[in-house]
Amino acid sequence: MASVQPKIKSKVRCLDGEIGEIVHVIADPISLEVSHIVVRANGTQRQVPASAIAAVRDDSVELLCTASQVAGYPELKREDFLTSKEVEIPHLENKVHIEPGELLVPFPPLEKSCARRNFFAGFIHVIGALIGLPLVWPVLRFIMKPMYAPYDNRWLKIGNVSKIKAEDVGVQFIFKKSFKDSVLEREEDKNHWVIKATPETLKKIYKSGDITFTDEKGEVVWVNKQTVPYVAFSGKCPHLGCGYKWRSHKTRGQVFLCPCHLSIYDSAGTVLDGPAPRPLDVLPIKVSVTGDIEVIDIEYKAGKKELVRIL
Amino acid sequence: MNALLQKVYDFVDERIDLKTLEAKMMKEPIKGGSRWAYVFGSCLLFIFIMQAVTGVLLMFYYIPSADHAYASTQFIIHEVDYGWFILSYHFWGSSAMVVMVFAHMSQVFLWGAYKTPREMIWLIGLGLFGIVMAFGFTGYLLPWDQRAYWATTVGVEIMDKTPVVGDFLARFLKGGPTPGQMTLSRFFVIHVMILPGALMGLAGLHLFLFRSAGPAGPFRGTPEELKAKTDFFFPRQVWKDIVAMAAVFLTICTLALIEPVVLLEEAKPDPGDYHPEPEWYFLFLFQLLRWKAFSGEFGQFVAATAIPGAFMLLLAALPFIDRSPERNIFKRPIALLSWTVVMIGILVLTVSAILNREFLD
């Protein structure tokens, strides 16, 4: 049977004359066909089953029953129905051509009297949390695994003092550092600067006495004595971690200059100009009798006034 | 053939209501008619799709390891057929994306299109802006050359200065105390998985909200004039969009041909003769950090975190501060002045960063 397509506001005629007009159409959500029309007659709204329809015309519907039979059909209980706008029933509006606001579908009884709606909502959230929360810590630890590596206190040979020809002049020592980077065995070119300091420069560098280096527990790893004229500066600019150079400046003569943000330091590492927050970082240094230079490749956090060791 | 296509169309339509979908997508009325000024959003979508396509292609050869990233990128450039072009397109596409984001945001700002009821579109848009910048930042580490290494080193040091969370954030991104393999792995996964996912989700939301709130239309004209000029998204606006996309495509291709990507030396913690510098769209921020006024720990915080952070917050608060319904930019002197000042500021800082290069060589 082709589905009937009654229209809203169509006149409704019974066997014994016109009794009113259609105000709603009720569809069956499974078959997607019209199951009832709602007829307004004598101030009441009656649910007339589709089986009572004899014919659907352009602006009227004819019924197979009498007016008194219509009065016997149940009255529409609006709260038992939803409009098709309020639910998601695919294809319904294509099958039944009624304005979505006037097309009714039954409110499923289980839903209408769902006394435990709040309970279910709470339950859903709790189960969701029970799935999610236990993952937070393992995932966090998983991601954080490499973030806090222990300090590397190895002594590395970076060159020989014979490379240094003059006092208070920055000399770059490029050396290979091999290390384990997650599972990779890597070797990187690193660089530090060493100066042979004059007593005045030494005084500037060691103005607060010998420099002590400690590990994460605060235990002393090494002390740089101010009697040693060789001073190693970390190749990392304490401003934001670029690599600086020893070069001549128009007005200041020979200086350490960082090309990134233009910080300038003298041979003692003191900031002369630019945005750097602290002097160049001094590294633990050992010079052997043959002149071999060894350093601990300590790294401090850039951009801080104080020294915060990170490696 | 047409009959067959029609059959396929009907088959799909019967099942998923294709006609309604088509109507919703294409028959959106545009108040006051289609305009060239409205092409930027579509262009962004186009650039992103092309970045995704070229990005996926690059991943066929790229190896995200500190030992092989550089060599595999060189392999793409020198050995793989048209590898240089795909990589250069991806490279210039990223710049095009940033330019287009600025154009799109400027258009929305000048047209007053962020005002009620479009505040949420604007907020999601700001999120997308952040994602585009993050794409740039994570992307250029991947070739593992000197530019990559140093831009990342400095960029992460800047993040490290964020109060409270800075140290964690920097270590999280580096995957350790210093840049290395873990940094590359993290940037790689952020660049190829997390950001594309976030961008697709937010861009979808952005479009959905845009369609829900409706386009703002021109800032001048009576309702009658606007109605008289109204047309649908398809075909006139789509036509303008596709012409603009073609122009963008040709521009990127031309740049890729004229100025293909050339890698610097492989990354190492000794910059050698290289003067570290970020990508051009971060130069203004870079130059700001050179100012004496922003020296020291506090100055650095001001320049690197406080100013950009406050600026983004101001943008986010904009539709809630600026509640006047006036959209005509010529009747919003403060808005026009602020936009001009910001643009000139960025331009001046960028140019001075470029001029500074000469003094370094």
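Laboratory data are not the source of any read-out in this text; all were calculated from the coordinates shown. It should be emphasised that the depicted structure is a prediction, and the values quoted were computed from it without experimental measurement. Cβ sites come from the backbone with ideal geometry, for glycine too, and all protein chains shown count toward neighbours.
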Theoretical ellipticity at 222 nm over chain B - DSSP helices of four or more residues, -39500 (n - 2.57) apiece, nearest 500: -21500 deg cm²/dmol
Segment A:GLN254-A:LEU130, extension gain: residue separation times 0.36 nm, minus the distance between their alpha carbons: 38.2 nm
Centroid-to-centroid separation of region B:99-157 and region A:150-187 [C-alpha atoms, Å]: 39
Filter on B:LYS24/B:LYS227; A:LYS176/B:LYS161; A:LYS9/A:LYS77; A:LYS286/B:LYS174; B:LYS27/B:LYS229 - keep pairs with C-alpha separation over 24 Å: A:LYS176/B:LYS161; A:LYS286/B:LYS174
Distance (nanometres) between label positions extended 7 Å along Cα→Cβ at B:LEU347 and B:TYR82: 3.8
Fewest-first sequence of A:TYR206, A:TYR265 by Cβ atoms within 10 Å of each Cβ: A:TYR206, A:TYR265
Nearest-20 debye value, region A:11-112 charge dipole, Cβ charges on Lys, Arg, Asp, Glu: 200
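Just want the ordering: A:LYS190, B:LYS7, from fewest to most Cβ atoms lying within 10 Å of their own Cβ. Numbers along the way, then the final one.
Values: A:LYS190 21, B:LYS7 10.
By the 10 Å Cβ count, ascending, the order reads B:LYS7, A:LYS190.
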Principal-axis tilt of helix A:117-144 within chain A, Cα atoms, nearest 10 degrees: 20
Angle between chain B longest axis and helix B:146-160 axis [Cα atoms, degrees, rounded to 10]: 80
Point-to-point label distance, B:ARG211-A:TYR148, nm (Cα→Cβ direction, 7 Å offset): 4.8
Between 0 and 90°, nearest 10: helix B:69-78 axis offset from chain B longest Cα axis: 60
Relative contact order %, region A:155-296, counting alpha carbon pairs below 8 Å whose residues are six or more apart: 25
Hits among lysines - C-alpha to C-alpha of A:LYS7 under 16 Å, sequence gap 8 or more where chains match: A:LYS95
Size of electric dipole in chain A: Cβ of Lys, Arg +1 and of Asp, Glu -1, about Cα centre, debye, nearest 20: 1900
Ranking of A:VAL220, A:VAL48 by count of other Cβ atoms within 10 Å, fewest first: A:VAL220, A:VAL48
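Per the helix-only calculation at 222 nm, which mean residue ellipticity applies to chain A, given -39500 (n - 2.57) for every DSSP H run of n ≥ 4 and division by its residues, nearest 500 deg cm²/dmol?
Calculated mean residue ellipticity at 222 nm is -4500 deg cm²/dmol.
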For the protein assembly as shown, with +1 on Lys and Arg beta carbons and -1 on Asp and Glu, the positive-most of B:LEU355, B:ILE121, A:VAL70 along the dipole: B:LEU355
Long pairs among A:LYS157/A:LYS190; A:LYS177/A:LYS301; A:LYS304/B:LYS292, criterion Cα-Cα beyond 18 Å: A:LYS177/A:LYS301
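Once fully extended, how much extra length lies between B:LEU336 and B:PHE311, figured as 0.36 nm per residue of separation less the alpha-carbon to alpha-carbon distance? If you can, show how the numbers build up before the last one.
Details: separation 25, 0.36 × 25 = 9.00 nm, distance 1.62 nm.
Net length gain for the segment: 7.4 nm.
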Region A:198-250: Lys pairs at Cα distance under 14 angstrom, eight or more positions apart or on different chains: 4
